[in-house]
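Quick notes on the structure that follows.
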Amino acid sequence: MSLFSWLKDWKVLNELWNVIEPFVINLAEKNVPKYITKLYENLAKVAQPAIDSLYKLKEKIKTSPNALDDYCFNQGVNAIESFAKHLLEAVEKLRA
């Protein structure tokens, strides 16, 4: 394949992309939000039971405090906080 032939093919592909790009962008604008929402829902499905459990444990500690429950509560809150910090750091890196 000669250089001229390759450049001609590239020019055709570039022109083709310019024609279909608006359709691709439109398709992405319609579908990507659904996938992002699904991602958020999956993260919430994983995290919410742990958060709910910690709220229950917090209420239990209020009514009948003990060292083991307190320790487990603090470890759980620390784990969620660490994960939240990790997500925030990832967001900062992605936006940089």
Can you list the aspartates and glutamates whose alpha carbon is less than 18 Å from that of residue 62, not counting same-chain residues fewer than 8 positions off? 52, 70
Computed label-point distance, nm, for sites residue 8 and residue 51 using a 7 Å Cα→Cβ extension: 6.1
Calculate the spin-label point distance for residue 34 paired with residue 84, positioning each point 7 Å from the Cα along the beta-carbon direction, and give it in nanometres. 3.2
Restricting to DSSP H runs of at least four residues, report the calculated mean residue ellipticity at 222 nm for the chain, -39500 (n - 2.57) per run over all residues, nearest 500 deg cm²/dmol. -35000 deg cm²/dmol
Cross-link reach from residue 45 to lysines, straight Cα distance under 17 Å and at least 8 residues apart if same chain, gives 34
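Every number in this text was worked out from the coordinates using simple rules, so none of it is lab data. Note that the structure is predicted; figures quoted are calculated from it, not measured. Virtual Cβ from ideal backbone geometry, glycine too; neighbours counted across all protein chains shown.
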